[in-house]
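J.: A single structure is presented below for examination.
Readers should treat all values here as calculations from the given coordinates under stated rules, not as data from a laboratory. Bear in mind the structure is a predicted one, so any value in this text is a computation, not a measurement. Cβ atoms come from the backbone with ideal geometry, glycine included; neighbour counts cover every protein chain shown.
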Amino acid sequence: MKLYKINEIFYSLQGEGFRIGSANIFCRFAGCNLDCWYCDTEFDYFRELSLADIRKEFAQYDCKNIILTGGEPLQQVDDEFIEYFKSWGFYLCVETNGTIKAPEGLDYICVSPKVKDKQIIHLWKDRKINELRYVLSNKMPLPHPMLSADNYFISPMNNEDSLNDVNVDYCIKLIKENPTWRLSSQIHKVWKIR
Ligand code: SF4
C-alpha cells in the first residue's frame, strides 16, 4: 500500500491569490526539492498516511475543496492520488513551485516560481496555469513571466506572523505602475488564522 508523507492537514480559509477567502482543507506534504533562504514553512515533520487515512482526515470537515501544498506537493501527488480523491468528489487545487511536471486531473493550479521561468517553462507548455504568484521584496524588479496564466499576482515577502509593511508598500507601488498585476498579500496573517 502506497504511503504519502504528510506534514499536516487542517481546515482554514485561503489567505492568498485568486481563491482568497474560500474555505479549504489544506493538505501539507512534507519535503521540498528547493531550499529558498526566506522559506518560513515547516515541512520536515511527517506522518506516513495511505489514501484512505488521508480521506478519513478530510472527512472531519464539511468541505470538498482541497489545497495540496507543501513543501513541494508535486514530489508526491501522483495519478493514483488524483484519481482517488476525484472519485470521492473533491476539488483539487495545488500550490507548486513549478519545478515538477504536474499530473493531469488537478482542478486548479497555482505556480509560485522560485527559480527562473526559463528553467521550468518546458514543464508547463500546453498546461493551463490558473494563477502565477511571484514573491517579491523591496526593490526586486517586477517579473517578466515566460509562463502564461489566467491571473498574475505579486506577493510581498512577509514576516513569519505578520505582513512586512515595506514590502507591501513596494508591491502596491509596482502594481499601480503595472496594472495587469494584482496584489496577493497573505491576508491570513492579518486575520490571524493559519
Ligand atoms: S519552494 Fe516554497 S516550500 Fe520549498 S523551500 Fe522554497 S519557499 Fe519553501
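J.: In terms of modelled amide H atoms, which long-range or inter-chain residues lie less than 5 Å from the amide H of Y11?
T.: F26
J.: Using only helices, what value at 222 nm comes out for the chain when you add -39,500 (n - 2.57) per DSSP H run of length 4 or more and divide by the total residues, to the nearest 500 deg cm²/dmol?
T.: Rounded to the nearest 500, it is -6000 deg cm²/dmol.
J.: Show the residues, 5+ positions off or on another chain, whose built amide H is closer than 5 Å to the amide H of G105.
T.: none
J.: Given H placed 1.01 Å from N in the peptide plane, which residues other than close sequence neighbours of Q186 have an amide H under 5 Å from its amide H?
T.: Under 5 Å from the amide H of Q186: G17.
J.: Still on this structure: What do you get for GluC sites (Glu not before Pro) in region 1-84 restricted to DSSP loop and a cutoff of at most 11 other Cβ within 10 Å of the site's Cβ?
T.: Those satisfying the criteria are E42.
J.: Continuing with this model, one more query. Go through region 8-24 residue by residue and turn each phi into a ³J(HN,Hα) via Karplus (6.51, -1.76, 1.60, θ = phi - 60°); whole Hz please, and just put x for glycine and proline.
T.: Each residue's phi maps through the Karplus curve to give 6, 10, 8, 10, 7, 9, 5, x, 9, x, 5, 9, 3, x, 8, 7, 8 Hz.
J.: Here's another thing I want to ask about it. Ranked by Cβ crowding within 10 angstrom, fewest neighbours first, how are S185, S148, S87 ordered?
T.: Fewest-to-most ranking of S185, S148, S87: S87, S148, S185.
J.: Still on this structure, I have one more. For the Cα atoms of the chain, what angle does the longest principal axis make with the long axis of helix 165-177, in degrees from 0 to 90, nearest 10?
T.: 70 degrees
J.: K2: which aspartates and glutamates have alpha carbons under 16 Å from its alpha carbon, excluding same-chain residues fewer than 8 sequence positions away?
T.: Within the straight-line limit of under 16 Å, K2 reaches these aspartates and glutamates: E48, D53, D78, D79, E80, E83.
J.: Enumerate the calculated ³J(HN,Hα) couplings along region 187-194 in order (Karplus 6.51 cos²θ - 1.76 cosθ + 1.60, θ = phi - 60°), each rounded to whole Hz, writing x wherever the residue is Gly or Pro.
T.: Listing the rounded values in order: 5, 4, 6, 7, 5, 6, 10, 7 Hz.
J.: So, one more: Kindly write out, for region 74-88 in residue order, the coupling ³J(HN,Hα) from the Karplus curve 6.51 cos²θ - 1.76 cosθ + 1.60 (θ = phi - 60°), rounded to whole Hz, with x marking Gly and Pro.
T.: Taking θ as phi minus 60°, the curve returns 6, 5, 10, 5, 9, 4, 4, 4, 5, 4, 4, 6, 5, 5, 8 Hz for region 74-88.
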